[in-house]
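Any read-out appearing in this document is the output of simple, stated calculations on the displayed coordinates, not a laboratory observation. Given the structure is predicted, the values throughout are model-derived calculations rather than measurements. All Cβ positions, glycine included, derive from the backbone under ideal geometry; neighbour counts span all protein chains shown.
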Amino acid sequence: MGMRVEPSRNSEPKLLPRNRLGLIEVFAGIGSVARGFSENGVYETLLLNDIDPHAKAVYLSHAGPDAKYVDMDIRQLRYGAISKHVDGNNVIGLLGCPPCQGFSEAGPRQESDPRNRLVNSYFRLIDQMQPNFFVMENVERLLQYKAFQKKLQSARAQYNVWTGVLNSALYGVPQTRTRAIVIGYHRDTGVIPTLPLPTHLGCVPVFDYGSQKFVDPSTKEGIISLGLLGDVRVDWSNELPAYLLSHGKKLNKLVTLQDALGDLPEAVEGGEPQSYKNEGSAYAKILRKGASHAFDHEPWNHRPETIRRLKDIPEGGVLLGDGVRGRSRRYFSQAYSKLHRDGISRTITTNFHNPGSGRFLHYDKVRTLTLREAARLQGIPDSVRFNIVKTDAERLIGNAFPQPLARVISDHISKQLGHAGAIE
């Protein structure tokens with residue numbers, strides 16, 4: 001099933017290439033979720049929507065002129081407009097990552113924040129379109145809000161729903177980005193959504209920033225210290241923790257900073273394209289497909305006094321030593337901190353150029369991450385270029401959904417719903 005769009009009287013519905021199944025992504029940003037879903041060859045992106053014209057420009061420069069991207073407020077986006085834009089094709093899935101600032105730990109977390117009501121628009125589209133499935137992502141705290149719970153309960157009348165918290169590092173992303181995921185299958189499918197099983201953990205030691213030691217990620221201690229499950233007060237008999245302990249050693253090893261960035265050339269002023277310096281890891285090779293050089297790889301303009309403060313920070317270390325206590329110690333535990341080549345990145349935010357806003361210092365350079373490096377840590381292909389103001393690009397990268405995780409969720413859904421078998 002899916003949203004059936006009536007063709008005009010004088011035309012026949014258009015078929016997608018190879019009869020692929022149509023998707024719409026709202027709150028799309030640069031389209032990382034849609035790209036991840038399209039990678040498995042089952043789904044085709046019909047339409048993207050976001051209010052940000054910069055996001056639209058970046059997406060269209062990569063996807064080509066035939067791609068459809070409507071830059072308008074979702075509160076004004078209606079079923080009729082969607083029907084017009086998808087040209088009679090069948091919409092099988094709705095994807096969306098509503099703004100999370102009103103729920104985020106980094107903000108005031110006010111339930112009355114007007115941005116929180118944008119979630120209502122997402123559920124309105126689900127109700128109007130009745131897609132075969134939907135996927136929504138947000139910060140963990142969203143699951144605790146009564147208003148969201150009420151909307152979700154209403155959706156359960158027509159959809160079987162799975163909710164959970166996933167860490168991107170467990171799905172092949174070099175970043176411990178933890179997010180709430182909601183997957184809904186229409187009750188007419190007769191399928192109950194389940195946990196998308198992790199693909200990465202392994203037992204190769206990984207540097208832990210807290211203990212300043214290498215830990216085995218496949219052990220309970222390693223999982224906790226690396227923050228792979230978010231809250232350390234976890235029930236180890238639950239499906240995800242139990243799966244990691246029983247199967248973790250057999251999974252692919254975690255992707256580290258060295259895997260993600262080790263092939264990139266020296267960052268240069270002006271951001272001129274540079275040749276890669278080596279063949280790169282398996283992870284890097286995937287992101288390099290379609291790109292001949294590294295673009296958007298320019299250092300930020302740090303002040304001389306900032307450089308002097310940063311130059312003596314050891315790899316994986318912090319500006320202030322262990323003797324700092326209390327409020328300052330908690331603040332500086334991530335601020336002015338350097339990454340480790342054999343570690344994993346912390347969550348990439350929209351302010352990664354600022355060394356005081358998180359652990360964003362390159363592991364062997366006296367600078368913060370470039371646009372291209374941060375994009376690598378989000379799983380954004382090198383072929384996606386950011387020909388816009390750097391601070392706008394920084395915001396779009398920080399707000400993006402890790403593309404490798406989207407691909408895993410796509411594979412999981414297509415197998416559960418039997419979509420992969422429908423492709424000729």
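Okay, here's what the table says:
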quantity	calculated
Magnitude of the charge dipole, the chain, Cβ model with Lys/Arg +1 and Asp/Glu -1, debye to 20	780
Shape category assigned to the stretch 203-250 from the gyration tensor of Cα positions, a/c cut at 1.5	oblate
Rounded to 10°, Cα long-axis angle of helix 118-129 versus longest principal axis of the chain	30
Nonlocal amide H pairs with Leu21, under 5 Å, H built at 1.01 Å	Tyr43, Glu44
Shape call, the stretch 240-316: gyration tensor on alpha carbons, a/c limit 1.5	oblate
Amide H partners (placed H, <5 Å) of Val70, local residues excluded	Leu48, Asn49, Asp50
The chain: C-alpha gyration tensor shape, a/c 1.5 cut-off, then a/b vs b/c	prolate
Degrees between helix 53-63 axis and first principal axis of the chain (Cα, 0 to 90, nearest 10)	80
Residue-count net charge about Lys277 - beta-carbon cut-off 11 Å; Lys, Arg +1, Asp, Glu -1	-3
Using alpha-carbon coordinates, inclination of helix 146-155 to the longest axis of the chain, degrees	40
Radius 9 Å from Cβ of Phe207, net charge of other residues (Lys, Arg +1; Asp, Glu -1)	-1
Order by protection proxy (mean Cβ within 10 Å, highest first), peptides 83-91, 172-180, 242-250	172-180, 83-91, 242-250
Dipole moment magnitude, nearest 20 debye, the stretch 203-250 about Cα centre, only Lys, Arg, Asp, Glu C-beta charged	140
Among Pro99, Val366, Ala284 the positive-end extreme of the charge dipole of the chain (Cβ point charges)	Pro99
Mean residue ellipticity (222 nm) of the chain, computed from DSSP H runs ≥ 4 via -39,500 (n - 2.57), nearest 500	-7500 deg cm²/dmol
Distance between modelled label sites at Ile307 and Trp236, nm, 7 Å Cα→Cβ extension	4.9
